[in-house]
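Here the structure comes first, spelled out in structure tokens, and everything after it is commentary.
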Amino acid sequence: MKKVEIALKRPFDPSKLKWRKGQGGSGELVYITARDVMDRLDQVFGVSGWSTKYEWIGNRIVCKLSCEVQGVWVTKSDGADDTNIEGAKGGLSDALKRSAVQWGIARYLYHPSAFDKNKKPAEWATPEGFDELMAKREGKEIEQWKREYSDGLQN
């Protein structure tokens, strides 16, 4: 994987994760906040290396999330409806989070084996476990991996 992709896909510290009841008795759902997404984008691309644009398509808010990757601006989009709790503000946040998933941010949260029934993350769904797995895949010692692939590119 490329360094940017690894930094985007790296799991969040479990303390950042939030849980809520799903609709229609679908169980509990795990999520991150829009601010967590913004922090990850800042960390990977810097504050001037990403931008958002919002558009309405019918009743859906679409977030166009653009990031500068190797000198080229790339846009990925997704949308959301207003939320029952925060209306349009919630829809804006959800659209950003959904477009961030297009970039790989927090995509692991959708994997069925990412958490057990007690909300404990699988080893690979933690920052440390992810780093160890990626180091092993690259045939590198964990310390070498950490030197080459920090959890952010702008640090």
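The values are calculated or read from the model by the stated rules, or taken from the named source; none is laboratory data. Keep in mind it's a predicted model, so treat the numbers as computed, not measured. Here the Cβ is made from the backbone with ideal geometry for all residues, glycine too, and neighbour counts use every protein chain on show.
Structure data summary
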quantity	calculated
Within the stretch 34-73, tally of residues that are surrounded by 15 or more Cβ atoms within 10 Å (Cβ to Cβ) and either in contact with a Gly (Cβ under 8 Å, 6 or more places away or on another chain) or closer than 30 Å to Asn118 by Cα (or both)	13
Among residues of the stretch 116-127, those that are closer than 17 Å to Ala106 by Cβ and either assigned to a loop (DSSP other than H, G, I, E, B) or of a type in the set (Asp, Glu) (or both), counted	3
Condition check for Ile105: at pLDDT 90 or above, buried (at least 19 other Cβ atoms within 10 Å of the Cβ) and among the β-branched types (Val, Ile, Thr)	yes
Residue, modelled with the lowest pLDDT, within the stretch 133-155, restricted to residues that are of a type outside the set (Asp, Glu) and assigned to a loop (DSSP other than H, G, I, E, B)	Asn155
Selection from the stretch 35-64 of residues that are over 16 Å from Ala100 (Cβ atoms) and polar (S, T, N, Q)	Ser48, Asn59
For Met1: the one exception among (1) modelled with pLDDT of 95 or more; (2) in a loop (DSSP other than H, G, I, E, B)	(1)
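Conditions tested, residue by residue: (1) touching a strand residue (DSSP E or B) at 6+ places or on another chain (Cβ under 7 Å); (2) of a type in the set (Asp, Glu); (3) free of Cβ contacts under 8 Å to residues at least 24 places away in the same chain.
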residue	(1), (2), (3)
Lys2	no, no, yes
Leu8	no, no, no
Asp13	no, yes, no
Lys18	yes, no, yes
Gln23	no, no, yes
Val44	no, no, no
Ser48	no, no, yes
Tyr54	yes, no, no
